[in-house]
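Please treat every number below as a calculation from the coordinates, not as lab data. These numbers were taken from a predicted model, which means no experiment stands behind them. Backbone-built Cβ (ideal geometry, glycine too); neighbour counts: all protein chains shown.
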């Protein structure tokens, strides 16, 4: 299961980024020694509770959970996406009658544009930027988005070198080790044959107009920040216009959010006691989402098709508003606050 390998990569990286996290390497190893790998579509039980994982279509290894007790039947979507992408097959609506559905509500207020339309916009940005002699930087999530973006870029046969830097390469290697969990492993492997990993020479991608895929997706760390500063310096020194394209959501206050909304980033000091630096960035900045979450239409379709007795709305900016809207459409819906207990 890719989740095992990806979790190992991400947890160790989190500890590296923040050594103050309350666990040590021995704790990580202990956790994985106690981990049981459970594949999709295979029923397991803990006591009197039976559960089955189903593909959530969100990232490689993501899962929705069906839970059965002696008298009740529940379904928890976790993060999910129903639309097929280049990397993954979409999630399917479960069959049968359910007492409760716990559903993510990330984009309950937003429709996603057609995927092909977004891809074409990205390609147009790339072609325009490269034609003017610039570079295109994609600050990208290591898991899921790096692989999806690699497949998009190589499928459109962009005539420019493509580089990858950061944790995305390791995440891609892990993903390719579990071909059953992605829709077209051959295409993904072929994509990475056409992409050059960046070694110690970080100036290599800047020698000619190029595309750079680098972590992190929200510009909170990783080599993407170094490339951003290098491209901004290139603009100052040689008046070369480069572009930064975000394909994923950036939480308010993160580096990516600041760049999109304030045309600046904040650099954390390397030494304690030093002030955070605010640096204006003079680059073209775009947001063209290749979301791995269900959009508003998918959320409503899933709920209407499943028609559960109760809908529990979680993981969204306005869960109460979504629940009220579902009530207006005839569903028994609730948006629990932290600590609430719900009877099924």
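From its DSSP helices (H runs of at least four residues, each -39,500 (n - 2.57)), the chain gives a residue-normalised ellipticity at 222 nm of -10500 deg cm²/dmol. When the chain is treated as a GNM with alpha-carbon contacts under 10 Å, the residue of 176, 188, 206 showing the greatest mean-square fluctuation is 206. Note on the chain: Cα-Cα pairs beyond 32 Å make up 37% of the total pair count. For the range 160-198, the residues whose backbone nitrogen is under 14 Å from a point 7 Å from the Cα of residue 89, taken along Cα to Cβ, are 179-185. With axes computed from alpha carbons, what is the tilt in degrees of helix 145-155 against the longest principal axis of the chain, rounded to the nearest 10 within 0 to 90? For 145-155 against the chain, the angle is about 60 degrees. Relative to the dominant Cα principal axis of the chain, helix 223-238 is inclined by about 30°.
Stretched out straight at 0.36 nm per residue, the stretch from residue 48 to residue 121 would grow longer than its current Cα-Cα span by 21.2 nm. Full-extension gain between residue 226 and residue 309, please, as 0.36 nm times their residue separation minus the C-alpha to C-alpha distance. Here the segment from residue 226 to residue 309 would lengthen by 24.8 nm. For the chain, the longest principal axis of the C-alpha atoms and the axis of helix 115-131 are separated by about 10°. Full extension from residue 241 to residue 341: what is 0.36 nm times the residue separation minus their Cα-Cα distance, to one decimal in nm? Difference between extended and current length: 30.6 nm. May I ask for the distance between the Cα centers of the range 47-63 and the range 319-334, given as a whole number of Å? If we compute the Cα centre of each part, the gap is 25 Å.
The residues 138, 163, 300, when put in order of fewest to most other Cβ atoms within 10 Å, stand as 300, 163, 138. Ranked by the mean number of other Cβ atoms within 10 Å of their residues, highest first, the peptides 148-157, 52-61 come out as 52-61, 148-157. Quick one: 46, 342, fewest Cβ neighbours within 10 Å first, how do they rank? In increasing order of surrounding Cβ atoms, one gets 46, 342. Which residues does the label zone of residue 176 cover in the range 112-151, counting backbone N under 17 Å from a point 7 Å along Cα→Cβ? The answer is 142-151, whose backbone nitrogens lie closer than 17 Å to the label point. Residues 267, 258, arranged from fewest to most other Cβ atoms within 10 angstrom of their Cβ, appear as 267, 258. Annotation for the range 232-259 versus the range 76-120: alpha-carbon center distance of 29 Å.
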